[in-house]
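This report refers to the structure that appears directly beneath it.
The values are calculated or read from the model by the stated rules, or taken from the named source; none is laboratory data. All values reported here derive from a predicted model rather than from experimental measurement. Counting neighbours? That spans all protein chains shown, and the Cβs are built from the backbone with ideal geometry, glycine included. The accessibility values were calculated without ligands, DNA or RNA, using every heavy atom of the protein model including side chains. Shrake-Rupley method; radii C 1.70, N 1.55, O 1.52, S 1.80 Å.
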Amino acid sequence: GDDGVAWSDWSPWRSAPSWVLDVPEPRPLLQFEAHLATRDLLRGPRLDSLVVTYTVGGLPAAAAAASVSPAAVELGVDELFTYTLDVELDGTSAGVARVAVVTPFPSQLDAGAIQGLAGAAVDAANTYAVNDTLVIALDPPLATSTQLLIPFRTRLLSVSHEFQGLLYAPGASNPLRAATRSGDDPLTGAPFSTVVEATRFDYPVLSGVGAVPPVLSPNGDGVNDVSAIGFVLGRVTEAPVRIEIYDLGGRRLRTLPAQLLRAGRFVPIGRAAGDLPGSWDGRDDAGHLVAPGTYLFRVVAQLEPSDEVAAGLVSVAY
């Protein structure tokens, strides 16, 4: 809130040890509530500490609000979206050097079609898309209030997705999160939103499964030391996913830790294979390098009432 009287809605409950607050920005006041629980019958729960990180001064803009259209699309089909971003700058604003939009799938941006740059220019060399984010670099930065219209193509992979917008000042790593634009869309009469819903759901839970690269050589030379068991997780909001490695005799050699993943694409693109949940370094559960040869992998999405499983081959060579 701004005055300690009028507050935004509560952000969703979280149980993780750290997370990004889903609240309007910028705001100077924060209220929080903690629920404590324990399974130990002899000890009560205790909150040891709470740490809030924030930025004061040097903000890219005084306010930012966004919406996206269309609001409903088919699942798994590339669609053209328009991201509308209202940016308000004042005398204390540092300017906007980067705009990031959280996407469900790698985006295709037509930088020349962006409207409302108001003296800023797209820095093509530093503009890129990865599996879950579209980053638009501006040089010179945006220095005046404007409405940006950003067209890009991507696809929905789950029942719904929020296209969250993040604005960065020059040299800053802590972004300003865009709020949702107020008012109604004149084309549809519906309230502005950054959430897009799916209109059909006949899409596989696991697709695009494969090892990248298909042959790894874990000899420590920095080249293909790790292979990513890549996949696209679709239709679910989130699910635990684990990767298992077997020899061709059916003996399980390695189980990578299960991770709770949101729908998305988990294939190397613009980052190292070691950063992905399916990264395998050619070692078994005991930490020993496996022998050269071909191995079977299984990607297991833990669902109810039964798991979804996909399989493939990966090879090791020295």
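Screening THR188 with (1) over 25 Å from LEU89 (Cβ atoms); (2) in a strand (DSSP E or B); (3) open to solvent by 30 Å² or more (accessible area, probe 1.4 Å); (4) touching a Pro at 6+ places or on another chain (Cβ under 9 Å) gives one miss only, at (2).
If you filter segment 202-257 down to residues that are among the β-branched types (Val, Ile, Thr) and touching a helix residue (DSSP H, G or I) at 6+ places or on another chain (Cβ under 7 Å), you find that the one that is nearest to ALA286 (Cα to Cα) is VAL226. Being over 27 Å from GLY165 (Cβ atoms), open to solvent by less than 20 Å² (accessible area, probe 1.4 Å) and either in contact with a Gly (Cβ under 7 Å, 6 or more places away or on another chain) or charged (D, E, K, R) (or both) is not true of VAL212. Only strands (runs of 3 or more DSSP E) whose full extent lies in segment 225-318 are considered here, and the ones with at least 2 residues that are out of contact with any Leu (no Cβ under 9 Å at 6 or more places or on another chain) and within 29 Å of GLN108 (Cα to Cα) are 259-266. For VAL101, the stated conditions hold: it is touching a residue at least 40 places away in the same chain (Cβ under 8 Å) and closer than 18 Å to LEU156 by Cα.
Looking across segment 120-139, the residues that are farther than 24 Å from VAL77 by Cβ, in contact (Cβ under 8 Å) with a residue 40 or more places away in the chain and either open to solvent by 30 Å² or more (accessible area, probe 1.4 Å) or out of contact with any helix residue (DSSP H, G or I) (no Cβ under 6 Å at 6 or more places or on another chain) (or both) come down to LEU138, ASP139. Of the residues that make up segment 145-167, is at least one open to solvent by 30 Å² or more (accessible area, probe 1.4 Å), of a type outside the set (S, T, N, Q), more than 28 Å from ARG265 (Cβ to Cβ) and at pLDDT 95 or above? No: segment 145-167 contains no residue that is open to solvent by 30 Å² or more (accessible area, probe 1.4 Å), of a type outside the set (S, T, N, Q), more than 28 Å from ARG265 (Cβ to Cβ) and at pLDDT 95 or above. With respect to ASP275, determine if the residue is among the charged types (D, E, K, R), touching a residue at least 12 places away in the same chain (Cβ under 8 Å) and either more than 18 Å from ASP132 (Cβ to Cβ) or surrounded by fewer than 18 Cβ atoms within 10 Å (Cβ to Cβ) (or both). Considered against the rule, which asks whether it is among the charged types (D, E, K, R), touching a residue at least 12 places away in the same chain (Cβ under 8 Å) and either more than 18 Å from ASP132 (Cβ to Cβ) or surrounded by fewer than 18 Cβ atoms within 10 Å (Cβ to Cβ) (or both), ASP275 comes out as no. Residues considered: LEU30, LEU42, LEU36. Of these, the only one that is of a type in the set (A, V, I, L, M) and closer than 20 Å to ALA178 by Cβ is LEU30. Residues that are open to solvent by less than 50 Å² (accessible area, probe 1.4 Å), in a loop (DSSP other than H, G, I, E, B), in contact with a strand residue (DSSP E or B) (Cβ under 7 Å, 6 or more places away or on another chain) and within 16 Å of ILE150 (Cβ to Cβ): does segment 15-35 have at least one? Within segment 15-35, none of the residues are open to solvent by less than 50 Å² (accessible area, probe 1.4 Å), in a loop (DSSP other than H, G, I, E, B), in contact with a strand residue (DSSP E or B) (Cβ under 7 Å, 6 or more places away or on another chain) and within 16 Å of ILE150 (Cβ to Cβ). All conditions but one from (1) farther than 30 Å from ALA190 by Cα; (2) open to solvent by 40 Å² or more (accessible area, probe 1.4 Å); (3) under 22 Å from the mean Cα position of the chain (by Cα); (4) modelled with pLDDT of 95 or more apply to LEU80; the one that does not is (1).
With the structure loaded, tell me whether ASP247 is within 30 Å of LEU296 (Cα to Cα), of a type outside the set (Ser, Thr, Tyr), surrounded by 14 or more Cβ atoms within 10 Å (Cβ to Cβ) and over 19 Å from the mean Cα position of the chain (by Cα) or whether it fails that test. Taking the combined requirement at face value, the residue satisfies it.
Look at GLY183 and say whether it is of a type outside the set (Asp, Glu) and open to solvent by less than 30 Å² (accessible area, probe 1.4 Å). Criteria not met by GLY183. Could you run through segment 84-119 and say how many residues are among the polar types (S, T, N, Q) and surrounded by fewer than 17 Cβ atoms within 10 Å (Cβ to Cβ)? Count: 3. Criterion applied to LEU59, LEU41, LEU47 was being in a loop (DSSP other than H, G, I, E, B) and either under 27 Å from the mean Cα position of the chain (by Cα) or surrounded by 10 or more Cβ atoms within 10 Å (Cβ to Cβ) (or both), and the one residue passing it is LEU59.
Let's see how each residue does on (1) over 28 Å from ALA120 (Cα atoms); (2) touching a Ser or Thr at 6+ places or on another chain (Cβ under 7 Å):
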position	(1), (2)
TRP19	yes, no
LEU41	yes, no
GLY58	no, no
LEU89	no, yes
ARG98	no, no
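Every condition in (1) open to solvent by 20 Å² or more (accessible area, probe 1.4 Å); (2) in a loop (DSSP other than H, G, I, E, B) is met by PRO218 except one, and the failing one is (1).
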